[in-house]
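The next block holds one structure in the form of structure tokens; read it before the comments.
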Amino acid sequence: MDDVIGTLGTYGQRSLQLVVRLVDLHLETAQRELAREQQRIVAAAIVLSIGATLLMTGFVLLQAFIVLFLYSRQQYWLTTAIGLLSFDFLIGILFLILGTRQLRGPYMIETIAQLTKTTSMLLEEE
């Protein structure tokens, strides 16, 4: 009887060690992927900020030029301002759509794949 209890204890200890190792493996993969995702997001945010600043400066200068040009041709300020407002609105919507599409996508692909593989392996019937 003691031999059976000892064997069960050994198998229980080995099973626990296997589970701990699997969790450690998944945690290491998740941490590596998290670091890569953070670097990618920070780099993208910096590049997008620089690009947005330059585009805003260019749009402001372009709008000032358009307003001055149209005013010199005897156009009304209100008509010009509404036209530029409409243009800004459309461009802003376009950039918001592009930005949200850029942020979509699968995250932590390796971690999810490993968890799926481990789960299916553990639930597999012989």
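The values are calculated or read from the model by the stated rules, or taken from the named source; none is laboratory data. Quick caveat, the model's predicted, so the values are computed rather than measured. Note that each Cβ is placed from the backbone with ideal geometry, even for glycine, and that neighbours are counted across all protein chains shown. All accessible areas refer to the heavy atoms of the entire protein, side chains included, with ligands and DNA or RNA removed. Shrake-Rupley method; radii C 1.70, N 1.55, O 1.52, S 1.80 Å.
Table for the structure above
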item: Spin-label pair GLN114/ILE93, simplified geometry with 7 Å Cα→Cβ offset, distance in nm; result: 4.4
item: Rounded tilt (10° steps) of 109-123 against the dominant C-alpha axis of the chain; result: 30
item: Per residue accessible area of the range 47-126, 1.4 Å probe, in Å²; result: 89
item: Dipole axis of the chain (+1 Lys, Arg; -1 Asp, Glu on Cβ), positive-most option in LEU54, PHE95, GLN31; result: LEU54
item: Taking the chain and dividing mean pair separation by its residue count, relative contact order in percent (alpha carbons under 8 Å, at least six apart); result: 45
item: Assigned charges on the beta-carbon of Lys, Arg, Asp, Glu; the chain dipole about Cα centre (debye); result: 980
item: Percent accessible area from carbon and sulfur atoms, the chain, protein chains only, probe 1.4 Å; result: 71
item: Rough spin-label spacing in nm, given labels placed 7 Å along Cα→Cβ, for VAL19 and LEU78; result: 7.5
